[in-house]
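Student: Have a look at this one.
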Ligand code: ADP
């Protein structure tokens, strides 16, 4: 009734006929109940009449009905009854009534405008959502689908109706269900937050397709109270990434053998030349050896990443003395720098059940980073604290630091902080990704606390024996 398109679609004579007949009808009703409501409330019912006429026909018919009802009130209900007259008292009544009517008419105009804007916005948002290439599904926290966009057909092959009636459980891969459930249950605890998960889904043609799904928790959002799933088919991208990963895996594997044998020859040569009296040759060979070490570590990182991606990262677990292992790493790395002092602060030497080699790889990576990212030298503090069920190791430097927005991202694959000062540091952004994966797989936690320009503290917390302790990470 209040929408401007509905008003515009009505014929003008119908609107004015309504503006004439409704005041008449109201007057007939009022005359019939005259004894009850007559004198004291001459304008009751007429306000409602004006509002209804304006809502039905717009401003023009609204004004007409206000004038008519004013005249009817004067004729039938303002004393002297049954005749037109305009005493001072009536004039004031009449003036106040008309003012109030105009106020109501302009208010109803505002309602119409608001409804027009609302409709425009709704049309715009609906067009955006219904034409989006991403499928959008809104579901209540009980799993009822409240809305599904037409793009479902493009992404999964199902019509909206078919999708609503699917038993979703059987459309997910069994080995992915636990991971997805756990990620989703974390999201349910964080209203307003969103996560992006990549998973497989059985489409209408009975093929497994890869879906990238961004889920937003709007359960606390007024008027929404639901989860929004925004998903797209990324099968092509995933297959290409797989091909690329396979290529990198084969290439790095093939590189490893010749490089290892070059390194062996270089060491034999170094041993031979060290006995001679040509210090220049020894120096050159030492430099070559240093570069080979870098190359081998790079190949090692690339191989680790391909193992992580392929789910093939193996762990050899045993009991080992944690602080002894850390001490060995610190001593080894002290030889690589003359500008930094590696200070070790140890409480005790707890036994840890886990993969010693992999943990020493993590600690070596954290200390090498501390050295690399504090170019103007200084102390690097490595500290071990024993807690009730876990050991905590911190590596503190006073170097370039990491801004808050980058502190989560640096653990992503290939992520390097960009900015003019960072281009001077060599690296490919794999060390922390591998370290985090190792620590997670050992049921521990790895995180950073840092202030840009002041330095960073990388922390590792590990259970003494993950077989008996609760997991520290979120996996
Ligand atoms: P890489 O050092 O090869 O770039 P990493 O995965 O080890 O890769 O580190 C990722 C990024 O995190 C680095 O590029 C750097 O920007 C940042 N970073 C890591 N350690 C530190 C540190 N101790 N101080 C400041 N920035 C660091």
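No lab work stands behind these numbers, since they all come straight from the coordinates. Computed from a predicted structure; not experimentally measured. We place every Cβ from the backbone using ideal geometry, glycine too, and count neighbours over all the protein chains shown.
Student: Can you give the FRET efficiency to the nearest 0.05 for residue 269 and residue 372, using r as the Cβ-Cβ distance and R₀ = 30 Å?
Tutor: On the way: r = 29 Å, r/R0 = 0.96.
Plugging the Cβ-Cβ distance into 1/(1 + (r/R0)^6) gives 0.55.
Student: Right, here's the next one. What is the distance in Å between the Cα centroid of the range 237-308 and that of the range 94-131?
Tutor: Cα centres, the range 237-308 to the range 94-131: 73 Å.
Student: Once you treat every alpha carbon in the chain as an equal point and sum by Debye, what is log10 I(q)/I(0) at q = 0.08 Å⁻¹?
Tutor: Taking Cα atoms of the chain as identical point scatterers yields -0.72.
Student: Please give, to one decimal in nm, the separation of the simple spin-label points placed at residue 128 and residue 169, each 7 Å out from Cα toward the Cβ.
Tutor: For residue 128 paired with residue 169, the spin-label model returns 3.7 nm.
Student: I'm checking a number: the convex hull volume of the Cα atoms of the range 206-297, normalised per residue, in Å³. What is it?
Tutor: In the range 206-297, the Cα hull volume divided by residue count equals 166 Å³.
Student: Can I ask one more? Write down the radius of gyration of the range 322-384 and its Dmax, each obtained from C-alpha positions, in Å.
Tutor: Rg, Dmax (Cα atoms, Å): 11.8, 37.
Student: Let me ask another. When a footprinting reagent is the concern and you count Cβ atoms within 10 Å, what order do 98, 302, 359 take, fewest first?
Tutor: Working: 98 15, 302 20, 359 25.
In order of increasing Cβ crowding within 10 Å: 98, 302, 359.
Student: Also: Take the Cα coordinates of the range 219-267, assign each an equal point scatterer, and use the Debye formula without solvent to give log10 I(q)/I(0) at q = 0.28 Å⁻¹.
Tutor: With one equal scatterer per Cα and no solvent, log10 I(q)/I(0) is -0.97.
Student: While we're here: From the helices alone, meaning DSSP H stretches of at least four residues, give me the mean residue ellipticity at 222 nm for the chain, per-run term -39500 (n - 2.57), in deg cm²/dmol to the nearest 500. Can you show the working numbers first?
Tutor: Numbers: 14 runs with 238 residues, N = 475.
It comes out at -17000 deg cm²/dmol, rounded to the nearest 500.
Student: Also: At what distance in angstrom do the alpha carbon centres of the range 149-163 and the range 167-186 lie from each other?
Tutor: 20
Student: Still on this structure, please answer the following. Please give the helix 356-372 orientation as an angle from the longest Cα principal axis of the chain, in degrees from 0 to 90, rounded to the nearest 10.
Tutor: 80
Student: Something else about it: For the chain, take the longest principal axis of its alpha carbons; what is the angle in degrees between that and the long axis of helix 322-334, to the nearest 10 within 0 to 90?
Tutor: 80
Student: Normalised by the empirical 2.2 N^0.38 Å for globular proteins, what value does the Cα Rg of the range 252-338 take?
Tutor: Values: Rg = 16.9 Å, N = 87, 2.2 N^0.38 = 12.0 Å.
With N residues counted in the range 252-338, Rg over 2.2 N^0.38 Å equals 1.41.
Student: Report, for the chain, the % of DSSP beta bridges that are antiparallel, rounded to 5. Write out the running numbers ahead of the final one.
Tutor: Numbers: 50 of 58 bridges.
Here the share of antiparallel DSSP bridges comes out near 85 percent.
Student: Taking only the alpha-carbon atoms of the range 147-197, what semi-axes of the equivalent ellipsoid follow from 5 times the gyration tensor eigenvalues under a square root, in whole Å, largest first? Don't jump to the answer; show the numbers that get you there.
Tutor: Values: eigenvalues 108, 49, 18 Å².
Over the Cα atoms of the range 147-197, the ellipsoid semi-axes are 23, 16, 9 Å.
Student: While we're on this one: Note the angle between two axes, namely the Cα long axis of helix 46-57 and the longest principal axis of the Cα atoms of the chain, as a number of degrees from 0 to 90, rounded to the nearest 10.
Tutor: 60
Student: One-quarter of the Cα convex hull surface for the range 1-141, in nm²?
Tutor: Values: hull surface 49.7 nm².
About 12.4 nm², averaged over all directions.
Student: Can you order the peptides 191-201, 367-377 by their average number of other Cβ atoms within 10 Å per residue, highest first? Intermediate results must be reported in sequence, preceding the final value.
Tutor: Numbers: 191-201: 14.3, 367-377: 18.8.
Top to bottom by mean Cβ count within 10 Å: 367-377, 191-201.
Student: Quick check on the range 308-448: what are the equivalent-ellipsoid semi-axes from the Cα gyration tensor, as sqrt(5λ), descending, whole Å?
Tutor: Numbers: eigenvalues 117, 79, 35 Å².
So the three semi-axes of the range 308-448 are 24, 20, 13 Å.
Student: Can you give the three extents of the C-alpha atoms in the range 116-257 along their principal axes, from longest to shortest, in whole Å?
Tutor: For the range 116-257, the Cα spread along each principal axis is 71, 31, 30 Å.
Student: Also, I was wondering about something else. Which of 360, 435, 167 has the fewest other C-beta atoms within 10 Å, and how do the rest follow up to the most?
Tutor: On the way: 360 16, 435 24, 167 6.
The order, fewest Cβ neighbours first, is 167, 360, 435.
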